[in-house]
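S.K.: So that we are looking at the same thing, I have put the structure below in structure tokens.
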Amino acid sequence: MFKQMSIKAKLLSGFGFVILVALCVAGIALYSMTNSSRVGNDIRTLITQDVADIFTVHRAYNSVHAWMHQLQVTPSPSLVNEGLQKVQSLSDIINTIPREHFPEASGKTVNNLENLVRTINNSSFKTLLQAGEYKEADAVFLKEILPYLMASNAALSELIYSYTNDVTDYVVHLDMTSYIYTTATITLVGTIIALLISYLLYNYFVASTMHIKSIAKKLEEGNFNLRIEDKHLHKDEFGDIFRSFRDTAYNLNRAVARTIAMSNTIETNSKTLNEASGAVTSGAKDIEQRALTVAAASDEMVSTTSDIAKNCHAAQETSETARVETNNGVDKVRATVDSIKAQADATRDDAAKVIKLAEQSQHISSIVGTIEDIAAQTNLLALNAAIEAARAGEAGRGFAVVADEVRALASRTSQSTKEISAMVAGVQADAEAATTSMTSSVEQMNAVAQQAAELENNLDNIREAVNNVNAQIIQIATAAEEQINATSEISNNMQGISEMAQQSVDVADNAADVSEYCKDLIEGLLKELDFFTLNERALKKEDLTFKRIDKHASHVVHEEAKAAPATNA
């Protein structure tokens, strides 16, 4: 099956197999990477939970630390209660989070935090704060609590920094190791498969190329009697090359055999050529005499046709003048029509703008109505505010003044909106009148433009008729000139025929010499063809074919030689 495939199909199948194997390897590698990624994600999830718990403790600690700092600045009973709640929250968080989320290295941090909470709850610091004795509580804070507070802060910061760096290094190391192993596996397997496919294709191509070389060597030596075994005639490009060599050898063998047979035929027909030369000489002299008679008649026809052409040129000039004047009139009418159309378009655009102005006026009326509603609502709100201010008595006096000002402003706004409404109504009335007037103008302009377009069409019809007349006159003049040229050419051809007839006589005289020279060339060609090794069966077949052709050609030449004197007469 592989031998029946084309070279392109073989290469594509090889590359396809390589790609298939590469995809399989890549799938295995992808599965491995996915599995590694899943394990890494599980580890990240666990580590992320640990980090989240550590940061939760850190935030609770920062809250307690900030409370103690604020307590040093502005102590108050509410602040004391709030801070004690934060201390209790820190204690609850430490007790709630599982101990396995804290690595052994952070045991010192947990102990410091527990000592801090225990000291705050059990020392006199809490009692002094609740009693409001802040100075004594401050002294206890500096002596007993501050050391645990500072130690916890340092331990937490160091723990977070160390834990974050360890997690990052571990995840990066896990991903890089998986990537390196996967890449190395894919590269190794792909290289081995590519080398194997390349070796198989190389072995096939070299064997076919060496066989092609041996066949080409035989053709170079002139051996056209080739036999190519069927095992080399594959259904690919190499098989096509072998079939081409086989067909080429057969065609060359046949061509050389035909050349030998034709050479023998040419040698035989040289004698027949000498016999036909006499008949050609007699016929050529008769043709020369007849050609001189036709040339004289052609000169007379040229003179008559020349007068017709002159009259046609005069009529064409008059028609051309009428065509130019008609074109000028059409251009002027077209310019007028274009101007009318442009004016109609401008009027139409103006009407559209006026209509748009009326629409915008309607929009303004809507906006003014909205403003009136807002003013009425504002007036109502101001009235309600004045009533409430009056109920408030002396305390609402200032608010009553503001309410009066707002009500006055709402009244002025309402008055202004009424004036704007009146102005907008006037604009709308003017816009409607202008729209009606401009619509009438547009209709009149369209009617004028339509009449002008009809006039333009009529002038176009006139111009087309003039152009047709002019074209017909030009055709008549052209035909007359062509008739003159044709007649002159006939006369010249007759002169040429006379000269050619004389030359034919000379050629016929030289034909015998040429046939003798051809005989010598054929003898030399036959000696050169002896170099080739031919199939004897093909050589005999072509020789018989050309003998039949030679016999028929000799008969035709003799018949034409007999008929030549009768034709000349």
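The values are calculated or read from the model by the stated rules, or taken from the named source; none is laboratory data. Keep in mind it's a predicted model, so treat the numbers as computed, not measured. Neighbour counts are summed over all protein chains in view; Cβ atoms, including those assigned to glycine, are modelled from backbone coordinates with ideal geometry.
S.K.: Which numbered condition trips up residue 372, out of (1) farther than 24 Å from residue 424 by Cα; (2) at pLDDT 70 or above?
M.R.: The one condition residue 372 does not meet is (1).
S.K.: Continuing with the same structure: Checking residue 184 against (1) at pLDDT below 75; (2) under 30 Å from residue 79 (Cβ atoms); (3) aliphatic (A, V, I, L, M), which single condition isn't satisfied?
M.R.: (2)
S.K.: Just to check your reading of the model, which residue among 417, 413 is modelled with pLDDT of 75 or more and touching an Asp or Glu at 6+ places or on another chain (Cβ under 6 Å)?
M.R.: Working: 413 fails: touching an Asp or Glu at 6+ places or on another chain (Cβ under 6 Å).
Only one candidate qualifies: 417.
S.K.: Let me ask something else about it. Can you pull out every residue in region 404-416 that is among the polar types (S, T, N, Q) and either under 60 Å from the mean Cα position of the chain (by Cα) or exposed (fewer than 14 other Cβ atoms within 10 Å of the Cβ) (or both)?
M.R.: 415
S.K.: Which of the residues belonging to region 464-495 are touching a Lys or Arg at 6+ places or on another chain (Cβ under 7 Å) and either over 30 Å from residue 337 (Cα atoms) or at pLDDT below 75 (or both)?
M.R.: Result: 466, 470.
S.K.: Same structure, new question: Could you say which residue among 447, 395, 425 is under 30 Å from residue 327 (Cα atoms), of a type in the set (Gly, Ala, Ser) and assigned by TED's automatic domain parsing to the domain that holds residue 383?
M.R.: Selected residue: 447, the only one of 447, 395, 425 that is under 30 Å from residue 327 (Cα atoms), of a type in the set (Gly, Ala, Ser) and assigned by TED's automatic domain parsing to the domain that holds residue 383.
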